[in-house]
Amino acid sequence: VPASLFFTPPILNYMGEKPVPPEEAAQRRAFLWNEQPELLTLVAIMTVGTIFMIVVGLTSGNVWINLAVALTVGFLVIFAIAMLTRPEIGATNSFFCIQAMMAISIEGATFYFFTDTREQYPEGPHFSIWFYTSVTGIVASIFGLIGMALYTQYGKNLRYRPLIVITNLIWCVLNLVCILVYTRDNVRLGIPDELFIMSSTVLHAVVHQWMYLPGIVLLSQQCPKGLEALMYALIASSHNLGHSVSNYIGAALLVYLGVTPDGSRNESAKFKNLWIAALVQALLPAVTLILAQWLVPNALQTERLITKHVTSATAGSPYQQCTGQVPIDEGDSEYGTFSGRSQS
């Protein structure tokens, strides 16, 4: 119910937006169909790929088949984005999609690790489900807001590339430190589980905002004029797809390592390799940082990134370069940026 309150501003039109006349709406649709059909192709690829991945996930009980399908769909979407959109959009969106895929989840095992009882996992932290889900969730939300405020005050004038690289490195370090709890070394060092998990929750919540917000600003800057809703929906969908793929990767990793707890009695042996899964989870995001040098612009967050062909999401894309389509250099008309769909 509280979440439904977010629909109040658009429903009551607090932003003061004016209805688009039917003629203008028809003109915009014609522009999209005639000048940028690549976007519709990209929508179709993402829709079909996502549905196929869901169907396979629901009908197949084989984690390796699910993983193969998810990786195939994920990299197909990344390839389509890189080929069909303009280089500025394609490069950055590919980076964030790959980054989302590398942020694997091992929550299926860590939930049992933290909440198993003494009969199920004698060496475990033995948190209550309420503490592990509700208390840590509330703390994460509060410090997420604090992280957002700190970013607004101190981070909004920094450049994208160093900010993204540094925050991701800090995230990797925090995840590496978390391995101590999975090996139970924190207990041997005299650090209580409650203190460890709360400290980790606070730091992760703050750093996550500093990782998340620059990406949102960057991708918002790359929505061409008149295509804001469509492009942002495509960008968000590709990132959500990347996170879905990361869940399949995490599930396959846990199965491969034999980390398959289910709340049974005396399942300590199933957590033996959990620290290895946590190590992979910590190091995988660092791999994407190698790509930041080429895929993330070294621009200020206040700079405009699309200065030519501002109404086009496909101007100069690899596909258009291969097919000889030439963008008009002398500015943009309101609904057209190309001198033809088949020039050589």
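The values are calculated or read from the model by the stated rules, or taken from the named source; none is laboratory data. Everything quoted here is computed from the prediction, not taken from an experiment. Using ideal geometry, Cβ is built from the backbone for each residue, glycine included, and neighbour counts are taken over all protein chains shown. These accessible areas exclude ligands, DNA and RNA; they are computed on the full protein's heavy atoms, side chains included. Shrake-Rupley method; radii C 1.70, N 1.55, O 1.52, S 1.80 Å.
Restricting the trypsin sites (Lys or Arg not before Pro) of the range 90-177 to loop positions (DSSP other than H, G, I, E, B) with no more than 16 neighbouring Cβ atoms within 10 Å leaves R118, K156.
Please sort by residue number the chymotrypsin sites (Phe, Trp or Tyr not before Pro) in the range 137-175 whose DSSP state is loop and whose Cβ has at most 10 other Cβ atoms within 10 Å. Sparse-neighbourhood loop chymotrypsin sites (Phe, Trp or Tyr not before Pro): none present. Of the GluC sites (Glu not before Pro) found in the range 99-151, those that fall in a DSSP loop while having at most 11 other beta-carbon atoms within 10 Å are E119.
Could you look at the chain and say what percent of its accessible area is carbon and sulfur, using a 1.4 Å probe and all protein chains? The value for the chain is 67 percent carbon and sulfur by accessible area. Considering only A140, V165, L150, the residue lying farthest towards the positive end of the dipole of the chain is V165, judged by Cα position with unit charges set on Cβ. Evaluated at q = 0.15 Å⁻¹, a Debye calculation over the C-alpha positions of the range 97-253 (equal weights, vacuum) places log10 I(q)/I(0) at -0.96.
The lysines within cross-link reach of K308, meaning a Cα-to-Cα straight distance under 23 Å and a gap of 8 or more places when in the same chain, are K225.
Pairwise alpha-carbon distances in the chain exceed 30 Å for 47% of all pairs. Once the 1.4 Å probe is applied to the protein heavy atoms, the range 1-119 comes out at 57 Å² accessible per residue. Every pair of different Cα atoms in the range 241-315 enters the Kirkwood calculation, which places the hydrodynamic radius at 16.3 Å. With contacts taken as Cα pairs under 8 Å and at least 6 residues apart, the range 1-133 reaches a relative contact order of 13 percent. Helix screen, the chain: DSSP H segments with Cα axial length of 18 Å or more and mean Kyte-Doolittle hydropathy at least 1.6 are 37-59, 63-84, 274-288.
Calculate the all-directions average of the projected area of the range 1-106's alpha-carbon convex hull, and give it in nm².
Result: 10.7 nm².
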